[in-house]
Amino acid sequence: MLSKAIVFVLVGGAAALDNGLAKKPQMGWNTWNTFGCNINQQTILSAAQAIKNSGLINYGYEYVVIDDCWSVKSGRDGSGNLVADPSKFPNGIKWLADQVHGLGLKIGIYSSAGTLTCASYPASLGREQQDAKLWASWGIDYLKYDNCNDAGQSSQQGNINRYTAMRDALLSTGRPILYSLCNWGVAQVWNWAAPIGNSWRMSGDITASFDTANGGCPATGSGGYLCSIMNILNKAADIATKGGPGGWNDLDMLVVGFSNLNSDEQKLHFTMWAAIKSPLIMGHDVTKQTAATIAILTNRNILDLSQGTWSVATRTYVRSNIQLWQQNSPDNVDRIVIVLNSGGSDQTLTVPFSDIFVNDSGRQAATYTVTELWTNTVTNSVKGQISVTVKRHGVWVGRFHPSGTVSTSSVSSRTTTSTTRAGGTTTTTAAGGSQTKWGQCGGIGWTGPTTCQDSTCTYSNPYYSQCL
């Protein structure tokens, strides 16, 4: 059981909610993008069974989230409780939750911080404690909380008040319920949501479009819709570092598996959502998915960008149709380099190390083994620059590992860390004295215990040897 006390931790210098959830970005599936309001008991059961049978469950996809339109539209019962539509859910949500749990998965529900949901069903504004208690009694594990019909409380403080009320209600139940805020990025949610929720939508609703302009995106106080992949990605670039363990920028659901997008576009989309550490919530029909779709969603190299120990990706530059994004390993030695091509034709280009290891002559001079993460192509003895071919609407993703000893120096407002690597041994000293870190071991090659102190994790790949 969760403590009813509200606990906050420091993440990236900001206070963040610590309810024990979303230490890594959550993964799962949601009904809306495929089924909209056309959902029922069998929709959920079939999807849950498909997630298990396809093996997606083994890659971390664990939440099965029921979106809007699940309740009786006419109102609440005589006690003021929400009621599952008996024509859609004849056995009720608690029974359905038990079935989903029996498959080894978790279940989510939907409401809005307003008088009605976006599809005009009963919502939870002013009813937070009652609704949270009901969901907990049903065995709900996840709440997606929308922003429609806000009763005029659309200011930043109004948003804070409405979403905080549900946070407190969920915590008071004593049940661990992941809290996913969905206010479409209005009122600069990324600046205030960390102490409130486990993730927060930073844009309007996604559509299966690579880069099509639409008047409904960006979102306003009245909503946002039909946001393309590139539109959302370019919005996320300026706020990527606002997320961290326990609370993440949510770039909206995945549109992998939708035929509007070709394979390269889907790979770009999945790569960037993983690297920016957005929640990875699938939206396609998992009961009819192709082998190609599953192959994208289960690429362990790319999933590690999300679920492993890499930093949140940040954008280094935009040059015409080319973008350069990067992620660091915990010790700031290994590097993920992503070259994105949003243009209309394939491009071959050379990326100098001065663009990658900016203002760091030691790393610029080093020699690297580079592994391209989609193809697992390994290139040895890369020095000074790297030449890559990037497909139209595609990405090249490389993991740079120094071939020998390399010395680095990184300076932040909080610590100065010097790291020397040779022979698979890492020594880290934090400015101002020693620092003990507790956390979970993770990342590629993890073979050790689930908890660690300092660097006691054991890895088959020695350059993943840090606590999270």
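Summary of computed values
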| quantity | calculated |
| --- | --- |
| Qualifying positions in region 82-91 - open to solvent by less than 40 Å² (accessible area, probe 1.4 Å) and in contact with a helix residue (DSSP H, G or I) (Cβ under 9 Å, 6 or more places away or on another chain) | 82, 84, 88, 89 |
| Any strands (runs of 3 or more DSSP E) falling wholly within region 175-283 and containing at least 1 residues that are polar (S, T, N, Q) and open to solvent by less than 10 Å² (accessible area, probe 1.4 Å) | 178-181, 199-201, 248-250 |
| Options 238, 205, 250, 168; residue that is acidic (Asp, Glu), in contact with a Ser or Thr (Cβ under 6 Å, 6 or more places away or on another chain) and more than 16 Å from residue 150 (Cα to Cα) | 250 |
| Qualifying positions in region 16-42 - farther than 22 Å from residue 272 by Cβ and open to solvent by 20 Å² or more (accessible area, probe 1.4 Å) | 18, 20, 21, 35, 37, 38, 40, 41, 42 |
| Residue among 436, 427, 420 that is modelled with pLDDT under 50, outside any loop (DSSP other than H, G, I, E, B) and exposed (fewer than 12 other Cβ atoms within 10 Å of the Cβ) | 427 |
| Residue satisfying all of: in region 300-339; assigned to a strand (DSSP E or B) and aromatic (Phe, Trp, Tyr); surrounded by the fewest Cβ atoms within 10 Å (Cβ to Cβ) among these | 317 |
| Selection from region 373-391 of residues that are over 18 Å from residue 265 (Cβ atoms) and surrounded by fewer than 16 Cβ atoms within 10 Å (Cβ to Cβ) | 376, 377, 378, 379, 380, 381, 383, 384, 385, 387 |
| Selected residue (only one of 57, 66 is in contact with a helix residue (DSSP H, G or I) (Cβ under 8 Å, 6 or more places away or on another chain) and either modelled with pLDDT under 95 or closer than 26 Å to residue 226 by Cα (or both)) | 66 |
| Cβ-Cβ under 7 Å pairs, at least 6 apart or on other chains, region 254-283 side within 25 Å of residue 66 (Cβ to Cβ) and among the hydroxyl-bearing types (Ser, Thr, Tyr), far side buried (at least 24 other Cβ atoms within 10 Å of the Cβ) and at pLDDT 95 or above | 278/25; 278/248; 278/249; 278/250; 278/251 |
| Criterion (charged (D, E, K, R), in a helix (DSSP H, G or I) and surrounded by 17 or more Cβ atoms within 10 Å (Cβ to Cβ)) met by exactly one of 131, 68, 98 | 131 |
| Filtered residue count, region 135-153, keeping only those that are touching a helix residue (DSSP H, G or I) at 6+ places or on another chain (Cβ under 7 Å), open to solvent by 10 Å² or more (accessible area, probe 1.4 Å) and either under 21 Å from residue 222 (Cβ atoms) or in a strand (DSSP E or B) (or both) | 2 |
| Members of region 215-264 that are among the polar types (S, T, N, Q), closer than 18 Å to residue 32 by Cα and over 20 Å from the mean Cα position of the chain (by Cα) | 259, 260 |
| Of all residues making up region 14-35, the number that are of a type in the set (A, V, I, L, M) and part of a loop (DSSP other than H, G, I, E, B) | 2 |
| Criterion violated by residue 345 - all others in (1) out of contact with any Phe, Trp or Tyr (no Cβ under 7 Å at 6 or more places or on another chain); (2) modelled with pLDDT of 95 or more; (3) crowded, with 18+ Cβ neighbours inside 10 Å satisfied | (3) |
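The values are calculated or read from the model by the stated rules, or taken from the named source; none is laboratory data. Here the structure is a predicted model, which is why all the values come from computation and not from measurement. Cβ sites come from the backbone with ideal geometry, for glycine too, and all protein chains shown count toward neighbours. Note: areas computed on protein heavy atoms with side chains; ligands, DNA, RNA excluded. Shrake-Rupley method; radii C 1.70, N 1.55, O 1.52, S 1.80 Å.
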